[in-house]
Amino acid sequence: MPVPPRPPVCGVGGVTATNEVPLTRPLALVTGASSGIGEDLARVFAREGWDLVLVARNGEKLRALGAELETAHGIQCLALPADLSEPSAPEAVWKALAGRPLEALVNNAGYAVAGSIAEVPLAAELGMFQVNVLSLVALTKLALPGMLARKSGRILNVASTVPSWGATTPARPSSSATPRRSPRNCAAQA
Ligand SMILES: NC(=O)c1ccc[n+]([C@@H]2O[C@H](COP(=O)([O-])OP(=O)(O)OC[C@H]3O[C@@H](n4cnc5c(N)ncnc54)[C@H](OP(=O)(O)O)[C@@H]3O)[C@@H](O)[C@H]2O)c1
């Protein structure tokens, strides 16, 4: 990924290993950076010389990754533990940037609730939608105006291809009392 022109300098409100160094590198925010695809993407950004805001629930993992990337690449990482199933989390995450321009937003945090729609507790389904969809939309709406005003920025939404398989089939009573497997349920059970 090519590094764009350097954005204006402005401090990030948080603890970094090298707070006294002026922040002149582009900044990327990666949600779900504590493991998997998000962690890998954070490593790619760091290798390309970007500063990072790392978001997930597991603060210990984020701090360890941030310290490792700072040491290896001379960048700055802010580990920002946040639960994106909380509706207030996107705004709190955004405030932690303290006005520093965001050059890249990676909406990666997400998961699938396993089990049949009929049996999974509503709260679990709603929490998943909050993380996978609503927080993604909220962070996008927070980041986009500044990017448009600066005519600079990029947003990457990491998602599943499962929704493109088509509409799910509602579960219906059957003589065997076994609900049909919808594409979504197939994915959750895979
Ligand atoms: N791997 C695949 O084959 C695949 C396929 C299709 C789509 N995807 C999508 O790709 C994205 C990443 O998947 P992955 O395979 O890398 O999964 P993963 O290894 O399980 O990583 C998920 C990340 O999301 C974070 N997360 C989960 N719940 C969160 C919450 N409530 N608040 C904040 N962060 C939360 C996790 O961190 P904490 O637990 O520390 O919060 C973790 O960092 C997901 O959106 C997934 O749906 C993956």
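The values are calculated or read from the model by the stated rules, or taken from the named source; none is laboratory data. What you see is a predicted model, and the numbers here were worked out from it, not measured in a lab. All Cβ positions, glycine included, derive from the backbone under ideal geometry; neighbour counts span all protein chains shown.
With respect to the stated conditions, residue 137 is at pLDDT 95 or above and either loosely packed, with under 15 Cβ neighbours inside 10 Å or over 14 Å from the mean Cα position of the chain (by Cα) (or both). Taking the condition touching a strand residue (DSSP E or B) at 6+ places or on another chain (Cβ under 7 Å), more than 9 Å from the ligand (Cβ to nearest atom), in a helix (DSSP H, G or I) and aliphatic (A, V, I, L, M), does residue 79 pass? Spelling it out, it is not the case that residue 79 is touching a strand residue (DSSP E or B) at 6+ places or on another chain (Cβ under 7 Å), more than 9 Å from the ligand (Cβ to nearest atom), in a helix (DSSP H, G or I) and aliphatic (A, V, I, L, M).
Each row is one residue, and each column tells you yes or no for (1) farther than 21 Å from residue 147 by Cα; (2) in contact (Cβ under 8 Å) with a residue 60 or more places away in the chain.
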site: 78; (1), (2): no, yes
site: 96; (1), (2): no, yes
site: 100; (1), (2): no, yes
site: 115; (1), (2): yes, yes
site: 118; (1), (2): yes, yes
site: 134; (1), (2): no, no
site: 137; (1), (2): no, no
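Any residue that is at pLDDT 95 or above, more than 30 Å from residue 113 (Cα to Cα) and surrounded by 21 or more Cβ atoms within 10 Å (Cβ to Cβ) - is there at least one of those in segment 2-24? No, that holds for no residue. Counting only residues that are of a type outside the set (A, V, I, L, M) and near the ligand (Cβ under 10 Å from one of its atoms), segment 40-55 holds 1 of them. Here are 135, 116: which of them is at negative phi, within 14 Å of the ligand (Cβ to nearest atom) and among the hydroxyl-bearing types (Ser, Thr, Tyr)? Exactly one residue qualifies, and that residue is 135.
If you check 46, 33, 28 for being under 21 Å from the mean Cα position of the chain (by Cα), over 11 Å from residue 103 (Cβ atoms), at pLDDT 55 or above and not in a loop (DSSP other than H, G, I, E, B), only one passes: 46.
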